[in-house]
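*Asks:* Starting off with a structure, shown below.
Laboratory data are not the source of any read-out in this text; all were calculated from the coordinates shown. Predicted model only: the values in this text are computed from it and were never measured. Reconstructed Cβ throughout: ideal geometry from the backbone, glycine too, with neighbour counts over all protein chains shown.
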Amino acid sequence: MIEVKNVSMRFNLGIEKNFSLKQFFVDFFSFKKKKKKKKEEFWALKNLDFDVKAGEVVGFVGSNGAGKSTLLKIVAGVMKPTKGKVQAYGNICPMIELGAGFDPDLTARENIYLNGAVMGYSEELLDRKFQEIVDFSELHDFLDVPVKNFSSGMVARLAFSVATIVEPEILIVDEILSVGDIAFQKKSEEKMLSMIKGGTTVLYVSHSTESIKKLCDRVVWIEHGEVQMIDKAEKVIKKYLEFMGVGE
């Protein structure tokens, strides 16, 4: 279903800032030559290689900055790897940075159609699913309120409700089950479980090891952009927690 073949991702980080107006005049009147901005290479991912079978739920763990979210963005097609390639066979629903596609000045009602269009949903489908989206989000009284006045939890509820109106073949989930209040977290987890039971292939990033163990068949552990271990959830979580110095 998904093939990740020797994927590496490089970023260039500027380590010298030579762009301020003050610096410009200092350099100009001192007759100093401007130096070219130095670039420092940072490899967020290094030679990742693994496959995901159809209907499999694969979790990803690792420290902050390990490269998990970068990998998911590459699989989702948001980013192109520096080296290697990813093949995904099936339509993808990426639930990464929920609400990122919303216009804060538009109302919730308007953003349902805007975000749905960005995700490739037709206006006809959104018309049919509109009430379902509203009911799941429980934002009935806020449909005509600009999203800029929403709390982060309300934005997450609306975005999740739009993203899950169809059951995709591949679902990419990055920490979204940890947003919103406890009731919404439970509701969104149940929705994801129903997708899993329906045969959806899932890539799931979370810092909640309990959630990973509950939902995932296998786990990929990544540190400093490199795969440390791929195995059954229980085995990988045990090793990962030992590495982090945290007991289960």
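*Asks:* What number do you get for region 102-166 when its Cα radius of gyration is normalised by 2.2 N^0.38 Å, N = residues?
*Replies:* 0.97
*Asks:* So if I take the alpha carbon set of the chain, get Rg, then get Rh from the Kirkwood formula, what is the Rg over Rh ratio?
*Replies:* 1.06
*Asks:* Moving to a separate point now. Take the Cα gyration tensor of region 184-225, multiply each eigenvalue by 5, square-root it, and list the three semi-axes largest first, rounded to whole angstrom.
*Replies:* So the equivalent ellipsoid measures 20, 13, 8 Å along its semi-axes.
*Asks:* Percent of alpha carbon pairs in region 39-121 separated by more than 16 Å?
*Replies:* 64 percent
*Asks:* Taking a 28 Å limit on the Cα-Cα distance, which of the listed pairs Lys5/Lys239; Lys5/Lys186; Lys187/Lys239; Lys191/Lys213 fall beyond it?
*Replies:* Table pairs above 28 Å Cα-Cα are Lys5/Lys186; Lys187/Lys239.
*Asks:* Moving to a separate point now. Run through region 60-115 and list the chymotrypsin sites (Phe, Trp or Tyr not before Pro) located in a DSSP loop whose Cβ has at most 12 other Cβ atoms within 10 Å.
*Replies:* When the chymotrypsin sites (Phe, Trp or Tyr not before Pro) of region 60-115 are filtered for loop state and at most 12 Cβ neighbours within 10 Å, Tyr89 remain.
*Asks:* Which of Asn115, Asn12, Asn91 moves most in a GNM of the chain, Cα contacts under 10 Å?
*Replies:* Answer for the Gaussian network model of the chain: Asn12.
*Asks:* State, as an integer percentage, the relative contact order of the chain based on alpha-carbon contacts under 8 Å between residues 6 or more apart.
*Replies:* About 26 percent, as a whole number.
*Asks:* Moving to a separate point now. For region 145-248, what value does the Rg/Rh ratio take when both radii are computed over Cα atoms and Rh is the Kirkwood radius, given to two decimals?
*Replies:* Answer for region 145-248: 1.02.
*Asks:* Could you check which residue among Arg157, Arg218, Arg128 shows the biggest mean-square fluctuation in a GNM of the chain with a 10 Å Cα cutoff?
*Replies:* Per the Cα network of the chain with a 10 Å cutoff, Arg128 tops the list.
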